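Student: Structure below; questions to follow.
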Amino acid sequence: MSAIITGEAVVLELRPASFAARSLATAIDVVATVVVIIGVSILFSALPLVLDGAATRAIMLATVVLFLVIVPITVETLTRGKSLGKLAMGLRIVRDDGGSIRFRHALIRALLAVLEIYMTLGSVACLVSIFNEKSKRLGDMLAGTYAIRDRVAKVAPLQVSVHPQLAEWAALADLGHLPDTLARRISMYLRQGAAMAPASRLALGVELANEASAFVSPLPAPGTPPEVFLAALMSERRDREFQRLSVAAQRAAEVRDQLLRHGVKN
């Protein structure tokens, strides 16, 4: 997963596409392009036109340039990083800062694609992508782009609650700011713990509980199972965050009502 910090100090977590997914998406695009070019060639040959060799070669060259360069540039620019293959694989091309690509990014990618995909049968693109952390090809490196997984399965909200034996502790405990990475690991553990081997489940629970202990004061009573502690921690963290946001929304509504009563419109 790729973490990007925006100018507003907001962390964006994007999932770079795997080499296999990018390869499959590219293969779909290449096959579609080749089929269209062949179809156009057959169509021209079937038309009752009398053209000399130079005119025929010019038409074929224009057709190749149209479908290898102009069409990909237009499609990626208008769809902000999509193509037929990427749409099928749930991928999207974005800038290195996570933003949508523009014409110049699509232009660089399309021009380099002729070299690294079509002229070298994809060998250059494959070699470069294999040894790149984000599976970038040469065109991505020069354009400052990479592919992300645009289609992600929806995850059901984590359902946890405070165990009765920790209810008093949860109400009084001082919870510090839990790092997002640690909170995500704890959530995954609580979701998948039932499917883990007992020994691995206990070991991982102890490890996560030890890491989370640095952000909690006081700690629950000695002997509390780590999974019970983690579930109570995440439940109380969720409830307090919801309460904080509810209070903030209520205050904002009160301020808005006061402004409206005094004739101030936002």
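Student: If you build a Gaussian network model of the chain, linking Cα atoms that sit under 10 Å apart, which residue out of Ala27, Ala62, Ala194 swings the most?
Tutor: Ala194
Student: Mind giving me the FRET efficiency for Leu115 and Asp180? R0 is 25 Å, r the Cβ-Cβ distance, nearest 0.05 is fine.
Tutor: Once the sixth-power term is evaluated, E becomes 0.05.
Student: Under a point spin-label approximation (7 Å from Cα along Cα-to-Cβ), what is the Leu47-Ala199 distance to one decimal in nm?
Tutor: Between Leu47 and Ala199, the label points sit 7.3 nm apart.
Student: For helix 19-46, report the angle its Cα long axis makes with the longest principal axis of the Cα atoms of the chain; keep it between 0 and 90° and round to the nearest 10°.
Tutor: Roughly 30 degrees between the two axes.
Student: Give the whole-number value, in cubic angstrom per residue, of the convex hull volume spanned by the C-alpha atoms of the chain.
Tutor: On the way: hull volume 59.3 nm³, N = 266.
Hull volume over Cα atoms, normalised by residue count, gives 223 Å³.
Student: Between Ala88 and Arg238, what FRET efficiency comes out of the Förster formula 1/(1 + (r/R0)^6) with R0 = 45 Å and r the beta carbon distance, rounded to 0.05?
Tutor: Result of the calculation: an efficiency of 0.75.
Student: Please compute the Cα-Cα pair-distance distribution of region 2-149 with 5 Å bins starting at 0, giving whole percents from short to long.
Tutor: Whole-percent P(r) values from 0 Å outward: 2, 10, 17, 21, 18, 11, 8, 6, 4, 2, 1, 1, 0.
Student: Just want the ordering: Ser246, Ser18, Ser135, from fewest to most Cβ atoms lying within 10 Å of their own Cβ.
Tutor: On the way: Ser246 10, Ser18 16, Ser135 21.
Arranged by neighbour count, lowest to highest, Ser246, Ser18, Ser135 become Ser246, Ser18, Ser135.
Student: Can you show me the helix-derived [θ] at 222 nm for the chain, built from DSSP H runs with n ≥ 4 at -39,500 (n - 2.57) apiece and divided by the number of residues, rounded to the nearest 500.
Tutor: -18500 deg cm²/dmol
Student: At a 10 Å Cβ-Cβ cut-off, how would you order Val216, Val65, fewest neighbours first?
Tutor: Val65, Val216
Student: Right, another one. Arrange Val128, Val206 by Cβ neighbour counts within 10 Å, fewest through most, would you? Numbers along the way, then the final one.
Tutor: Numbers: Val128 17, Val206 13.
Sorted ascending by nearby Cβ count, the order is Val206, Val128.
Student: Provide, in order from the shortest bin, the percent of all Cα-Cα pairs of region 164-261 in each 10 Å bin, continuing until the bin that contains the maximum pair distance.
Tutor: 14, 40, 25, 12, 7, 2, 0
Student: In nanometres, what is the gap between the two model label sites at Leu158 and Val36, each 7 Å from Cα along Cα-to-Cβ?
Tutor: Going by the 7 Å Cα→Cβ label model, 4.5 nm.
Student: May I pose another question? Hey, what does the equivalent ellipsoid look like for region 85-185, semi-axes from the Cα gyration tensor as sqrt of 5 times each eigenvalue, largest first, whole Å?
Tutor: Three semi-axes, in Å: 45, 14, 13.
Student: Along Cα→Cβ, 7 Å out, is where each label goes; now give me the distance between the ones at Ser123 and Arg191 in nm to one decimal.
Tutor: Between Ser123 and Arg191, the simple spin-label model gives 4.2 nm.
Just so you know, all these numbers are worked out from the coordinates, no wet-lab data involved. Small disclaimer: the values here were computed from a predicted structure and weren't measured. So basically every Cβ, Gly included, is an ideal-geometry build from the backbone, and we count neighbours across all protein chains shown.
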